[in-house]
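K.L.:
First the structure, which I've put down as structure tokens, then a few questions once you've had a look.
The values are calculated or read from the model by the stated rules, or taken from the named source; none is laboratory data. Since this is a predicted model, take the numbers as computed values, not measurements. Because the Cβ atoms are built from the backbone with ideal geometry, glycine has one as well, and the counts that use them run over all protein chains shown. Heavy atoms of the whole protein, side chains included, go into the accessibility calculation; ligands, DNA and RNA do not. Shrake-Rupley method; radii C 1.70, N 1.55, O 1.52, S 1.80 Å.
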There are 2 protein chains.
Amino acid sequence: MKEPGSAARADSEEWLDRVFHALSDPTRRALVRRLSAGPGKVTELAKPFDMSLNAISKHLKTLEKADLIKRDNAGRTSVCSLDAETLQHAQAWLDQYTRFWGETLDSLGRHMKRRTGPGRSRPAGRR
Amino acid sequence: MKEPGSAARADSEEWLDRVFHALSDPTRRALVRRLSAGPGKVTELAKPFDMSLNAISKHLKTLEKADLIKRDNAGRTSVCSLDAETLQHAQAWLDQYTRFWGETLDSLGRHMKRRTGPGRSRPAGRR
DNA sequence: GCATCATTCAACCAAATGGTTGAGGGTTGT
DNA sequence: ACAACCCTCAACCATTTGGTTGAATGATGC
């Protein structure tokens, strides 16, 4: 079901759409933060927020569709918990860009000749 | 003008809103990818895409407002380049959650019974 | 069986998003 | 001066988003 690692071809970046979109909302990030401290029932998760339970339910659904959380349905309550694997995949995506820049800023900057190679990254020789 | 590190108030997560939102669009991610290989003029950047130049201009503006790119205005052309620092800040945010889970998956994973209890799994780093 | 709690579904709304086209506004070249 | 070029601004449109309320579903408790 999850394709971050598997069919990661040009088409299936869709999951990144969902993940980053899910993370672009402060309420949902707050939910992620809360869930990072342990699972919780929906009503419990909703309590701190100044909006209807339904709103939170929708936010959780958004997070779920992004595979950022999973639900454990136990009777009449459903317990949500973080699925950090997806978070890691998102981070891995960012890593493609931040890593190279970390190097550039650090040490690579000076002994980096302009590599006009075919595919590989070429450090922006900026400013 | 950038507050990722400084005023970490509840409100100022706004920049994360912008960054993650900016990254939630495939066109904009493609632009980021392209820019990671070096700066480029707007028309040049727009060429590979199947949409109007104006659309790309707007996407670039979104990326700019998120501090993900910066513009260098040279005469009638404006050259965009990646500002990976912001990308790094976003990654740092994710790191709060993925780091702790990396551990969990690695070592903690096996002696970790399914903790469906309300107890809590493992205190993730707060803040 | 019936009321109640926990959660989701459905309809609705205002606002934002992603795209279009068309009109400018500077810059450059002749 | 003038046309061509690069890019942004403005208006517009369809669709999505984030929120609301109200009803429906389903498990629990009396």
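Okay, residues lined up against (1) more than 22 Å from B:W93 (Cα to Cα); (2) modelled with pLDDT of 95 or more; (3) open to solvent by less than 80 Å² (accessible area, probe 1.4 Å):
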position: A:M1; (1), (2), (3): yes, no, no
position: A:A8; (1), (2), (3): yes, no, yes
position: A:D11; (1), (2), (3): yes, no, no
position: A:E14; (1), (2), (3): no, no, no
position: A:V19; (1), (2), (3): no, yes, yes
position: A:P26; (1), (2), (3): no, yes, yes
position: A:R29; (1), (2), (3): no, yes, yes
position: A:S36; (1), (2), (3): no, no, yes
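K.L.:
Could you check the range A:60-85 and list, in sequence order, the residues that are part of a helix (DSSP H, G or I) and more than 10 Å from DNA strand C (Cβ to nearest atom)?
P.N.:
A:T62, A:L63, A:K65, A:A84, A:E85
K.L.:
Now, a different point. Can B:A66 be described as modelled with pLDDT of 95 or more and closer than 28 Å to A:A30 by Cα?
P.N.:
For B:A66, the condition - modelled with pLDDT of 95 or more and closer than 28 Å to A:A30 by Cα - is met.
K.L.:
Could you look through the range A:58-75, keep only residues that are more than 13 Å from every other protein chain (Cβ to nearest Cβ) and near DNA strand D (Cβ under 8 Å from one of its atoms), and pick out the one that is least open to solvent (accessible area, probe 1.4 Å)?
P.N.:
A:H59
K.L.:
Conditions: (1) more than 8 Å from DNA strand C (Cβ to nearest atom); (2) surrounded by fewer than 16 Cβ atoms within 10 Å (Cβ to Cβ). A:E44 meets all but one. Number of the miss?
P.N.:
Of (1) more than 8 Å from DNA strand C (Cβ to nearest atom); (2) surrounded by fewer than 16 Cβ atoms within 10 Å (Cβ to Cβ), only one is false for A:E44: (1).
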